[in-house]
Amino acid sequence: MDLQTKALHAGYEKDSQGTMAVPIYMTTAYEFRDVEHAANLFALKELGNIYTRLNNPTTDVFEKRFAELEGGEAAVATSSGMSATFFAIANAAECGDNIVCAKQLYGGSLTLTAHTLKRFGIEARFFDVHKPEQIESLIDDKTKVIFFESLTNPSIDVADIEAITTIANRHGILTVVDNTVATPVLCRPFEFGADITVHSASKYTTGQGLAIGGILVERKGLIEKLKANPRYAHFNEPDASYHGLVYVDVPLPPFTLRARLSLLRDIGAVSSPFNSWLFIQGMETLSLRMKEHSKNAQALAEFLESHPRVKKVNYPGLKSNSNYVNAQKYFEEGACSGLLSFEVRSLEEATKIVNATKLYSLVVNIGDSKSIITHPASTTHQQLTQEELLACGVPSGLIRISCGLESIKDLIADMKQALEA
Ligand code: PLP
């Protein structure tokens, strides 16, 4: 089945009412038939609903449908993209372990890995996404995860997924790919050897900036990589917190099973059924929207590249961009999503341009159907010094755009008047 067909139908069997739209099961808990039924559910002898912190029929459709789009085996929805990333790492690593991360990460993922996880005793070691060969020297037998973004935010680089997963697989290490900006429509990391993907559903999945959510997806057959792998003893030994359950001995995808039974149970960062329902609505049009976002961003990038006031444009769909070759290899039909950035000569010029646009909203979000403009040096990266800004590829004249679904004629006309104001 094609992705667009799956996006409309996967994971949902109509209930007795025949409802065409997936119902919102707004409930905290579920009644058990009797004590034996309840005991069987807790012991996994029977699968079914227990409590919405663990599972919910609306969220279940979102998880099954998203796993299908990504080409994975199973998924766990979470309350935000950040909690999906946290769960992916915390499910593999513990105090005393380390993770190897790309330097080019979303700001929240950088602070999570470099600072918050450090306080939990998990050390992050960083490599340049353009130099996967650096990974080898960072790995040791305590390395539990290699984490990177397929299409990076905000630096807009494209990872060489295969080069990274080849190194990881040589050492039996799990790879976690944040596929938020590319979405399963444009890039499917499992086809290139990745093990786990995470997404902020708050971006293109909802598509209209409606809700915060996240999802973690496990590839098919991951059990073979975890089985008898000394790095992941906690999947192979009895879990004292779940009456001695051994995750790889259960006929269910082990990574998502543990994320649900252990992490969702104890940390509780669960997707609300209403938000899951919004994400289901968004997925119905995801592939149509991603094509249009990409088309608009490509045309805007080409316009900006031709404008004398613009020093540099970062968009992997431009032949002049250093990520062009990777984008052609990893992205469906070379379409590169809606994120681009461009550089003008100074902070003052950038400020004038951002203030002069009328159609682009000054917002720190991406993936909305409405176009968004951001000036990282005065917002998301405000705390950094000039030197730090340059080191992470954010010069003070950099402007980031999340290209929406407005008419491209209007988007270009508004950008032109702002550049020439
Ligand atoms: N990953 C990427 C690439 C992001 O851009 C973001 C948010 O901007 C996140 C993760 C975090 O997602 P959320 O805001 O849903 O927690």
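Ile24 meets the stated requirement of being in contact with a Pro (Cβ under 8 Å, 6 or more places away or on another chain) and either on the phi > 0 side of the Ramachandran plot or not hydroxyl-bearing (Ser, Thr, Tyr) (or both). For Glu387, the conditions (1) among the acidic types (Asp, Glu); (2) within 16 Å of the ligand (Cβ to nearest atom); (3) surrounded by fewer than 17 Cβ atoms within 10 Å (Cβ to Cβ) all hold with the exception of (2).
Can you find, within the stretch 204-213, the residue that is nearest to the ligand (Cβ to nearest atom) among those that are touching a strand residue (DSSP E or B) at 6+ places or on another chain (Cβ under 9 Å) and open to solvent by less than 10 Å² (accessible area, probe 1.4 Å)?
Among those that are touching a strand residue (DSSP E or B) at 6+ places or on another chain (Cβ under 9 Å) and open to solvent by less than 10 Å² (accessible area, probe 1.4 Å), it is Gly213.
Filter the stretch 355-364 down to residues that are of a type in the set (A, V, I, L, M) and under 17 Å from Ala413 (Cβ atoms) and give me whichever is least open to solvent (accessible area, probe 1.4 Å). Once the filter is applied, the top-ranked residue is Ala356. Taken over the stretch 82-101, residues that are open to solvent by 10 Å² or more (accessible area, probe 1.4 Å) and within 16 Å of the ligand (Cβ to nearest atom) amount to 4.
Identify the single condition in (1) touching a Leu at 6+ places or on another chain (Cβ under 9 Å); (2) touching a residue at least 60 places away in the same chain (Cβ under 8 Å) that Thr59 does not satisfy, given that it satisfies every other one. So Thr59 meets the others, but not (1).
Among the residues of the stretch 91-104, is any at positive phi and outside any helix (DSSP H, G or I)? Steps first, answer last, please.
Start the filter on the stretch 91-104 by keeping residues that are at positive phi, which leaves 96.
Subset that is outside any helix (DSSP H, G or I): 96.
Taking every residue of the stretch 91-104 in turn, at least one turns out to be at positive phi and outside any helix (DSSP H, G or I).
Any residue at all in the stretch 333-341 that is in contact (Cβ under 8 Å) with a residue 60 or more places away in the chain and within 30 Å of Met26 (Cβ to Cβ)? No: the stretch 333-341 contains no residue that is in contact (Cβ under 8 Å) with a residue 60 or more places away in the chain and within 30 Å of Met26 (Cβ to Cβ).
Which one of Leu210, Leu216 is within 16 Å of Asp60 (Cα to Cα) and at pLDDT 95 or above? Answer to the check: Leu216. Reported count of residues in the stretch 214-228, each being closer than 22 Å to Cys101 by Cβ and either more than 10 Å from the ligand (Cβ to nearest atom) or not small (Gly, Ala, Ser) (or both), is 8. Please enumerate the residues belonging to the stretch 188-203 that are out of contact with any strand residue (DSSP E or B) (no Cβ under 7 Å at 6 or more places or on another chain) and within 15 Å of the ligand (Cβ to nearest atom). Within the stretch 188-203, Ser202, Lys203 meet the criteria. Scanning the stretch 341-348 for any residue that is open to solvent by 50 Å² or more (accessible area, probe 1.4 Å) and among the aliphatic types (A, V, I, L, M) turns up at least one such residue.
Within the stretch 111-123, identify whether any single residue is assigned to a helix (DSSP H, G or I), away from the ligand (no atom under 16 Å from the Cβ) and out of contact with any Cys (no Cβ under 8 Å at 6 or more places or on another chain), and answer yes or no. Before you say what the answer is, go through the steps one by one.
Taking the stretch 111-123 first, the residues assigned to a helix (DSSP H, G or I) are 111-119.
Among the residues that remain, those that are also away from the ligand (no atom under 16 Å from the Cβ) are: 118-119.
From what's left, out of contact with any Cys (no Cβ under 8 Å at 6 or more places or on another chain): 118-119.
Yes, because at least one residue in the stretch 111-123 is assigned to a helix (DSSP H, G or I), away from the ligand (no atom under 16 Å from the Cβ) and out of contact with any Cys (no Cβ under 8 Å at 6 or more places or on another chain).
Only one of the numbered conditions (1) polar (S, T, N, Q); (2) over 30 Å from Asn55 (Cβ atoms); (3) open to solvent by 10 Å² or more (accessible area, probe 1.4 Å) is violated by Asn323, and that is (3). Per the listing Ser276, Ser337, the residue uniquely closer than 30 Å to Ala421 by Cβ and hydroxyl-bearing (Ser, Thr, Tyr) is Ser337. When each of Arg231, Arg260, Arg170 is tested for being of a type outside the set (Phe, Trp, Tyr), open to solvent by 40 Å² or more (accessible area, probe 1.4 Å) and either within 16 Å of the ligand (Cβ to nearest atom) or touching a residue at least 60 places away in the same chain (Cβ under 8 Å) (or both), the lone residue that passes is Arg260.
The values are calculated or read from the model by the stated rules, or taken from the named source; none is laboratory data. As the structure is a prediction and not an experimental result, all values here were calculated from the model. In this analysis, Cβ positions are derived from the backbone assuming ideal geometry, glycine residues included, and neighbour counts consider all displayed protein chains. Accessible surface areas use protein heavy atoms only, side chains included; no ligands, DNA or RNA. Shrake-Rupley method; radii C 1.70, N 1.55, O 1.52, S 1.80 Å.
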